[in-house]
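The values are calculated or read from the model by the stated rules, or taken from the named source; none is laboratory data. As the structure is a prediction and not an experimental result, all values here were calculated from the model. Here Cβ is always computed from backbone atoms with ideal geometry, including for glycine, and neighbour counts include all displayed protein chains. For the accessible areas, the whole protein counts, side chains as well, though only heavy atoms, and no ligand, DNA or RNA atoms are used. Shrake-Rupley method; radii C 1.70, N 1.55, O 1.52, S 1.80 Å.
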Amino acid sequence: NVPLSNIQVTDDQGVVVTLPKTTLAVGESMTGTASGVAVLGQYANIGTVTGLTPQETQVTASDPSHYFGTSGSIGIKKYTNTEDADAAPGPSIPVGGAVNWTYVVTNTGNVPLSNIQVTDDQGVVVTLPKTTLAVGESMTGTASGIAIAGQYANMGNATGTTPIGSKVSAEDPSHYFGQTPGISIIKKTNGDDANTPTGPIIPVGGL
């Protein structure tokens, strides 16, 4: 019920607060401002205001505030027939043999993720057990195919959505080599490819 002068607002985390003036009449209000850059995780600070009465008695009040600095991220590790084949050639698989891919997806951030999807750049269809992950949680997706000849590479890509709608993604490659084993033989008698009779004529006892 008295005017105040020499009004100041401080922040226990060192945030600099700007006030439009330093006095307030009875019942009057004003708004101060400050800004900063969000840091990771839970953050708390306390704003404290002080002022002087006409008798130069100091009055004070405090109020806390909080925010949570989010860092959404996702990780993926892709395996081909249980091998972490990031580099070529990867496991050797007979052409026509089974190829089994697994995709280990992990929430590597500090917020839960939703709408998680895993795609493959070669069109392989990946099946996931669910579409959400809690912080630090992992799940394993699966896909399968038939080995083709030669060097094969594909890329698994995981995406997800944070609670504030931000998109996160990660990718990991994998490889295999499709084998087509074969062997051949040509037998020659005295230099001739004698597949059918009579073959070369050789005197008895000759070489």
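Annotations for the structure displayed:
- Overall, the accessible surface of segment 128-207 at a probe of 1.4 angstrom is composed of carbon and sulfur to the extent of 58 percent.
- Estimated FRET transfer efficiency (Met155, His66; beta-carbon r; R0 41 Å; 0.05): 0.50
- Segment 3-42 and segment 159-197 have Cα centres lying 68 Å from one another.
- Cα→Cβ-extended label distance, 7 Å offset, between Tyr43 and Ser92, nm: 5.6 nm
- Charge-dipole axis of segment 100-207 as Lys and Arg at +1 and Asp and Glu at -1 on Cβ define it, positive-most pick from Val104, Ala158, Ala194: Ala194
- Chain lengthening between Thr57 and Thr23 when straightened (0.36 nm per residue, less Cα-Cα): 10.8 nm
- Most fluctuating residue given options Ala87, Ala158, Ala143, as computed from a GNM of the chain linking Cα atoms under 10 Å: Ala87
- Largest GNM mean-square fluctuation across Gly27, Gly96, Gly150, computed for the chain with C-alpha springs under 10 Å, falls on Gly27.
- Expressed as a whole percent, the accessible surface of segment 8-50 that belongs to carbon and sulfur atoms is 57, based on a 1.4 Å probe.
- Gained length - Gln117 relative to Asn6, 0.36 nm times residue gap less alpha-carbon distance: 34.2 nm
- Rounded accessible area per residue of the chain, 1.4 Å, Å²: 62 Å²
- Restricting segment 112-197 to trypsin sites (Lys or Arg not before Pro) that sit in a DSSP loop and have at most 16 other Cβ atoms within 10 Å of their own Cβ leaves Lys130, Lys187, Lys188.
- Using 0.36 nm per residue and subtracting the Cα-Cα separation, the extra length available between Ser35 and Thr189 on full extension is 46.1 nm.
- Most fluctuating residue given options Val15, Val26, Val124, as computed from a GNM of the chain linking Cα atoms under 10 Å: Val26
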